[in-house]
Amino acid sequence: MLKLTTRRFAATAACAALVGLTAACGGSSSAKAGGTVTLTYMIWQDSEKAAYQASLDAFEKAHPNIKVNLELVAWAQYWTKLQTGAASRNMPDVFWDHLAYLPQLSKEGIITDISSKIKAANLDTSVYSPKLLSQWQSGSVTYGLPKDWDTIATIYNKSMLAKAGLTADQMNHLTWDATTGGSFVAALQKLTVDVNGKHPNQAGFDSKHVKTYGIALEAPNGQQDWWNFGLQNGCQLQDKAYGKWTVNTPACVQAIQFEQDLRDKWHVAAPGSLTNTPNAADLPTILAKGDAATTFDGDWDLTAFQAAMPAGSWGVSSLPSGPAGTGTVFNGLSDAIYSHTKHPAEAWELEQWLASAASEKLVADSGTVWPGIPTLNSGFATAWKQKGVDVTAFQTGSEGNTMGYPLTTSNTTFNNVVLQDFNQVWLGQMTPQAAADDVNTKSNAAITSGN
C-alpha cells in the first residue's frame with residue numbers, strides 16, 4: 001500500500017471520504033455496445049497485473065460476450081478514486097477489496113451481498129480457507145470470495161546470517177520473552193554490528209554508530225510488527241469482530257514495550273528515524289542497502305525483495321515465537337461487486353471466475369499471490385522455489401495460530417492515531433502504555449460516533 005508494500009494498511013484521507021457514499025450513487029463504468037458487455041475491473045498492484053490480465057484473457061475466451069478492461073490504480077490513489085467514482089456514478093463494476101475498508105463499504109451499501117448468488121449457483125465454498133471466508137461474512141451476508149491470502153514472515157540476508165554463524169533452521173525456531181529477549185534477541189545481537197565491528201553484547205559497542213542492525217521493523221499500523229508480537233504474547237486487538245479495541249491490555253502493552261526495547265534497550269532494531277512511516281525507505285531497500293540483516297514483512301513484498309537484492313542472496317524463515325507461542329497476522333483480499341453496476345449478471349460471472357480454482361491456480365502458479373483455495377498453495381511455493389527462494393514459512397504461519405485483520409467501523413481513526421502515536425513510541429518520545437491508552441480511547445470513541 002505504501003511504497004512497494006501495497007497491502008500494508010496506512011491511514012489515508014480517502015477512507016474518511018468514503019463515509020456518506022450511499023446506495024443512491026448509482027451507475028457503473030461499464031458499457032454495452034454491439035451485444036458485448038464491457039466491465040471494468042480495478043486493482044492496485046502493478047506486480048500482479050500480468051497474472052490477472054492472463055486470467056481475464058481466459059475469462060473473455062470463455063465468455064465472448066463480455067469484455068473486461070483491467071484498470072490499475074496505485075494504492076495511494078486507489079480509495080480516493082473509488083470515492084470519486086461513486087460520487088460521479090462511475091464506479092468499476094468489480095474491484096479489489098481490503099478488510100480494512102469492508103465495514104465501511106458494506107455499511108454505505110457500495111458493495112453487493114453475494115450470498116443469494118452463491119446459493120443460486122450452488123457454489124461449494126468449502127474449498128476456500130475457512131479463516132479467510134469468514135472474514136468476508138457477517139451473519140448470513142457474504143461480500144466476497146477469497147482470492148488470495150498473506151501472512152508475515154522473517155526475510156533475511158543469507159551472507160549476514162552466515163557471517164553471524166546462524167543457520168536457516170535456527171531462524172525457524174527462535175523464541176522471545178520480554179525479560180531476557182530469548183534466543184531471538186541473542187540472534188539479533190550477533191547480526192547487529194557497529195562501525196568498529198562490535199556487537200551490542202560486547203564491551204565498547206557504539207549504539208550511536210551502528211553499521212547494520214539485526215532487524216528493521218516498519219509498519220504504519222502494526223500489521224508487520226507489533227500485531228505479531230502481540231499475538232505471540234496473548235494480546236487481542238479487539239474483544240470481537242466489529243467490537244471494541246483492547247490495545248491497552250497488559251499483554252498488548254508488553255508486546256509493544258518489547259519492540260521498543262529491541263530499539264532502545266538491546267539496540268538490535270533500526271531506530272524510528274530510519275523506519276518510521278511515511279518517510280522511511282521500504283523494507284526491501286533497507287535490507288538491500290545493508291542497514292539491517294533481517295526484517296518482518298508480508299509475502300506481497302516478495303517480488304520487491306527479488307528486484308532489490310541479488311538472486312540467491314536472501315531467504316525466508318518463520319517468525320519467532322513468544323510467551324503465548326507462535327502467531328502471525330493472516331489477511332486476504334476478495335473481489336467486490338459494485339452494488340449498482342449496470343451489469344450485475346456479468347459482474348457475477350467475473351467474480352465467480354476470479355474466485356474459481358482455474359483462475360486462482362493460474363495466478364498462484366505464476367508466483368503472484370497465495371491462492372484463497374488452500375489445495376492450490378503448492379503452485380505458489382513451487383514458482384518461488386524455481387526462483388531460488390523457499391517461501392513455505394508463510395504457509396506454515398497461515399496454518400498455525402493467526403490473527404485476522406481487525407474489522408471495525410473506526411478504522412480511519414485507529415490508523416490516524418496509531419501512526420501518530422507509534423511513530424513517537426519508536427523514537428522513544430512516548431511510552432507504550434500512553435500510546436496504547438490513547439489509541440484505545442480515541443478508536444473506541446470513533447465506534448460510538450460513527451467516524
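The values are calculated or read from the model by the stated rules, or taken from the named source; none is laboratory data. Predicted model, so just to flag it, every value in this text is computed and none were measured. Because the Cβ atoms are built from the backbone with ideal geometry, glycine has one as well, and the counts that use them run over all protein chains shown. For accessibility, only protein heavy atoms count, side chains too; no ligands or nucleic acids. Shrake-Rupley method; radii C 1.70, N 1.55, O 1.52, S 1.80 Å.
Worth pointing out:
- In region 258-269, the qualifying residues are those that are touching a helix residue (DSSP H, G or I) at 6+ places or on another chain (Cβ under 7 Å) and in a loop (DSSP other than H, G, I, E, B), and the one that is most open to solvent (accessible area, probe 1.4 Å) is Trp266.
- In region 322-338, the residues that are in contact with a helix residue (DSSP H, G or I) (Cβ under 9 Å, 6 or more places away or on another chain) and not in a strand (DSSP E or B): Pro323, Ala324, Thr326, Gly327, Gly332
- Of the candidates Gln236, Gln232, Gln223, the single residue that is open to solvent by 30 Å² or more (accessible area, probe 1.4 Å) and either at pLDDT 95 or above or aromatic (Phe, Trp, Tyr) (or both) is Gln236.
Yes/no per residue for (1) surrounded by fewer than 16 Cβ atoms within 10 Å (Cβ to Cβ); (2) in contact (Cβ under 8 Å) with a residue 60 or more places away in the chain:
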residue	(1), (2)
Arg89	yes, yes
Tyr101	no, yes
Ile118	no, no
Lys163	yes, no
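- Restricting attention to region 72-87, the residues that are small (Gly, Ala, Ser) and touching a strand residue (DSSP E or B) at 6+ places or on another chain (Cβ under 8 Å) add up to 1.
- Search result, residues across region 179-238 that are touching a Phe, Trp or Tyr at 6+ places or on another chain (Cβ under 7 Å), in a loop (DSSP other than H, G, I, E, B) and polar (S, T, N, Q): Thr192, Asn221, Gln223, Gln224
One line per residue, one yes/no per condition, for (1) polar (S, T, N, Q); (2) closer than 22 Å to Val210 by Cβ:
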{"position": "Gly230", "(1), (2)": "no, no"}
{"position": "Asp261", "(1), (2)": "no, yes"}
{"position": "Asn276", "(1), (2)": "yes, yes"}
{"position": "Thr303", "(1), (2)": "yes, no"}
{"position": "Ala308", "(1), (2)": "no, yes"}
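- Residue satisfying condition, being among the hydroxyl-bearing types (Ser, Thr, Tyr), more than 28 Å from Leu302 (Cα to Cα) and modelled with pLDDT of 95 or more, within set Thr84, Thr38: Thr38
- Pairs with Cβ under 6 Å, 6+ apart, first in region 203-219 and within 20 Å of Glu259 (Cβ to Cβ), second open to solvent by 10 Å² or more (accessible area, probe 1.4 Å) and part of a strand (DSSP E or B): Thr212/Val193
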